[in-house]
Amino acid sequence: MIEDLLLNVHRPAQYLGNEWNLVPKDFTQSKIRFALGFADLYEIGMSNLGLRIIYAVLNNIPDVVCERFFAPEPDMELVLKNTQRRLFSWESKQELKSFDFLGFSLGSELNYTNFLNILDLSGLPLIAAGRDEEYPLVIIGGPCVLNPEPLAEFCDLFVIGEAEEALVELMDLYRLYKDDYRQKRLSKEALLIKLVQVPGVYAPSLYQADYDVEGKLISFAPKFAGVPQRVKKRIVANFEEADFPCHWLVPYVPVTHDRVTLEIMRGCPNHCRFCQARAQYYPFRIRSKEKIAQYAALAYAATGYEDFSLAGLSVSDYPGLENLVQKIMEIFKDQAVNLSLPSLKAKALLGNVSTLIAKIKKTGLTFAPEAGSQRLREALAKDFQEEEFFQVIFEAYTAGYQHLKLYFLMGLPGEQIEDLQGIIDFAKKSSELRRKINGAPAQINISVNPLIPKPHTPLQWSGMESLSALKEKQNYLRNNCKNRRLKFNFHNLEMGFLEGVLSRGDRKLSRVILAAYQKGARFDAWSAHFSFNKWLEAFHETGVDAQSYLSAKSPKDLLAWDFIDMGISKDELLSEFEKFCALIFY
């Protein structure tokens, strides 16, 4: 009995998998068995909207059963090893090895060692070439696939872009060939060649990457005829009718975002030059107010949740946001339902603050100036005007808000000391403005993260600042801000360094990830578990230069992710990069 394993582990209820609204399907009677997981703890994975959408999409296919899995906590991992048990699915407790597909939603590069640990605990060979027809096909989607190459040695398939429709097509194709594949009448290579005919599906083993003597990527091409030269990102064209999981699974243990998330838009109308998410979700699409309100009512009826949030890259740019909020609150006027909004643009709230924010839960307002000076914000193409911002927060303080959260980047190309001082001055002014309301300044929480020049952004040709330079800038902000109302929260710079390397890397990083995992690296996104030394040792022992991935690139360089067509041309990105450089350096 699985329950016997749970007697001495932390939060055993997270492994039970019998949540409210669970999809009841028979594992033994299903033609295709898909295990869908998240390479982090249950509390993180169950807060992921993408995972919930795919779970609903696959279980809507009559002969497909989709069951979930998550990374076990270290104590559960030890129990599995001590009892010689393999990792199982949450719904029917089947060993993950018994599924046709093992699918991962990867949202952070710092989960790569967790991904390997799940394969290991499931009894799968870590290297894809060592897995034949007796093992599940390992498939990955999510934000990390914007550059899949560091995982090329471990993964059979990637879905680039939005997976809802691509996975349905992939299941249709696999259904035709499953019996031949499982009975060894069709080789794995031949099967993969057939499966990559689904647009957006990429199989790294079907491509050849070549390097020069210095380890620089010089060519990348398919090995076989009929395999696409470039992989075009999938998008859901009719977002209005895209699947939404109204029968929201209700966990029995607390999760990070314990609420219903209403996706109101995909993509972003803005062109911030540092933002990878715009490329990931491009083009910009919105869902109608009527459809969103319908989904909210259905989700409430199915769950009884009293907390809802609106989700999108730039919720402020939703046309008629105030009307949407009013429509949702009208539905729940007789229930104690809270509605929260993510980071907002100040100008979207001008004139509407008193009516809009009075109706939503006063958990604090969040804004993202990104830089401490207007000069840098203009170079980043960040649509943020200080005059509008200060007018809005004055109205917010008047309406009863007590504190703000501000997001900034540091380590931007061309950044000067005055730009860092600008972060302090901006936060101080934001705090002092509340003194005019009731004589007391506001609490300002300031999150400062290093810039990672991510793939498919105009800044992909920029280098990432060194750890020593970033530490100096952190120290400057700490030492020059003595205001107790201003609370700085700094991202772990060594984690940022590793994220930068893994996000900008190529296939050579597969052996580094494997070496770090074999040294015991796990939960690298968690400060309590992260060991930078293990990663440094892995780079040293494999002979891979981590810093080379963080250096500036030439527009003539072949980038590891150039084979992916995101819908935004490289020429367009280069033009935006040149505009950035012109504003910063000339």
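The number of residues in region 254-294 being under 18 Å from the mean Cα position of the chain (by Cα) and of a type in the set (Asp, Glu) comes to 2. In region 261-345, counting only helices (runs of 4 or more DSSP H) that sit wholly within it, the ones holding 1 or more residues that are out of contact with any helix residue (DSSP H, G or I) (no Cβ under 8 Å at 6 or more places or on another chain), under 30 Å from Glu386 (Cβ atoms) and not assigned by TED's automatic domain parsing to the domain that holds Glu370 span 276-281. You will find that of Lys508, Lys519, the residue that is farther than 16 Å from Pro150 by Cβ and among the basic types (Lys, Arg) is Lys519 and no other. When Gly505, Gly520 are checked against the criterion of being in contact with a helix residue (DSSP H, G or I) (Cβ under 7 Å, 6 or more places away or on another chain), within 23 Å of Val231 (Cα to Cα) and either assigned to a loop (DSSP other than H, G, I, E, B) or among the hydrophobic types (A, V, I, L, M, F, W, C) (or both), Gly505 stands alone in meeting it. Can you run down the residue pairs with Cβ atoms below 7 Å, 6 or more apart or on separate chains, where the first is in region 189-205 and at positive phi and the partner is in a helix (DSSP H, G or I)? Going by the 7 Å Cβ cut-off, the qualifying pairs are Gly200/Ala166.
Filter region 535-586 for residues that are more than 18 Å from Lys508 (Cβ to Cβ), aromatic (Phe, Trp, Tyr) and in contact (Cβ under 8 Å) with a residue 40 or more places away in the chain; which is surrounded by the most Cβ atoms within 10 Å (Cβ to Cβ)? Talk me through it step by step, then tell me what you get.
From region 535-586, those more than 18 Å from Lys508 (Cβ to Cβ) are 552, 554-556, 564-586; that's our starting set.
Retained after the next criterion (residues that are aromatic (Phe, Trp, Tyr)): 577, 580, 585-586.
Adding the requirement that they be in contact (Cβ under 8 Å) with a residue 40 or more places away in the chain leaves 577, 580, 585.
Numbers: Phe577: 20, Phe580: 23, Phe585: 9.
Selected residue: Phe580.
Only residues that are small (Gly, Ala, Ser) and within 17 Å of Ala35 (Cβ to Cβ) were counted across region 155-177, and they come to 1.
Can you tell me how many residues within region 382-439 are in contact with an Asp or Glu (Cβ under 9 Å, 6 or more places away or on another chain), under 20 Å from Tyr476 (Cα atoms) and in a loop (DSSP other than H, G, I, E, B)? Adding up the residues that qualify gives 4.
Among the candidates Ser462, Ser431, the residue that is in the same structural domain as Glu576 (by TED's automatic domain parsing), under 24 Å from Gln385 (Cα atoms) and touching a Pro at 6+ places or on another chain (Cβ under 6 Å) is uniquely Ser431. Residues in region 247-271 that are over 14 Å from Ser309 (Cα atoms) and of a type in the set (A, V, I, L, M, F, W, C) were compared, and the one that is surrounded by the fewest Cβ atoms within 10 Å (Cβ to Cβ) is Val253. Got a sec? Which of Lys345, Lys289 is at pLDDT below 90, charged (D, E, K, R), out of contact with any Phe, Trp or Tyr (no Cβ under 7 Å at 6 or more places or on another chain) and buried (at least 19 other Cβ atoms within 10 Å of the Cβ)? Just one listed residue meets the conditions, Lys345. The condition of being in contact with a helix residue (DSSP H, G or I) (Cβ under 6 Å, 6 or more places away or on another chain), basic (Lys, Arg) and in the same structural domain as Cys155 (by TED's automatic domain parsing) holds for only one of Lys93, Lys81, Lys97, that being Lys93. Candidates in region 130-150 are the residues that are in a helix (DSSP H, G or I) and within 16 Å of the chain's Cα centre (by Cα); of these, the one that is surrounded by the fewest Cβ atoms within 10 Å (Cβ to Cβ) is Pro143.
Please work out which residue is farthest from the chain's Cα centre (by Cα), limiting yourself to region 435-482 and to residues that are of a type in the set (Ser, Thr, Tyr) and under 28 Å from Gln280 (Cβ atoms). It would help to see each step written out before you state the result.
Applying the first criterion (of a type in the set (Ser, Thr, Tyr)) to region 435-482 yields 447, 457, 462, 466, 468, 476.
Still in the running and under 28 Å from Gln280 (Cβ atoms): 447, 457, 462, 466.
Values: Ser447: 18, Thr457: 16, Ser462: 22, Ser466: 24 Å.
Taking the candidates together, the pick is Ser466.
On the basis of being of a type in the set (Gly, Ala, Ser) and over 25 Å from Leu493 (Cα atoms), does Ala427 make the cut? No. Of the residues making up region 37-73, those that are closer than 24 Å to Trp526 by Cβ and of a type in the set (D, E, K, R) are Asp40, Glu43, Arg52, Arg68, Glu73. Test Tyr476 against the criterion of being buried (at least 19 other Cβ atoms within 10 Å of the Cβ), outside any loop (DSSP other than H, G, I, E, B) and in contact with a Leu (Cβ under 9 Å, 6 or more places away or on another chain), and give yes or no. So Tyr476 does not fit the description; no.
Okay, residues lined up against (1) out of contact with any Leu (no Cβ under 6 Å at 6 or more places or on another chain); (2) closer than 30 Å to Glu91 by Cα; (3) polar (S, T, N, Q); (4) touching a residue at least 12 places away in the same chain (Cβ under 8 Å):
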site: Arg230; (1), (2), (3), (4): yes, no, no, yes
site: Cys246; (1), (2), (3), (4): no, yes, no, yes
site: Tyr252; (1), (2), (3), (4): yes, yes, no, yes
site: Thr261; (1), (2), (3), (4): no, yes, yes, yes
site: Arg278; (1), (2), (3), (4): yes, no, no, yes
site: Pro283; (1), (2), (3), (4): yes, no, no, yes
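Cβ-Cβ distances below 7 Å connect the following pairs, each with a first residue in region 319-333 that is in contact (Cβ under 8 Å) with a residue 60 or more places away in the chain, a second residue that is of a type in the set (Lys, Arg) and surrounded by 11 or more Cβ atoms within 10 Å (Cβ to Cβ), and a separation of six or more residues or different chains: Leu324/Lys289.
The values are calculated or read from the model by the stated rules, or taken from the named source; none is laboratory data. Predicted model, so just to flag it, every value in this text is computed and none were measured. No Cβ is skipped: glycine too gets one built from the backbone with ideal geometry, and neighbour counts run over all protein chains shown.
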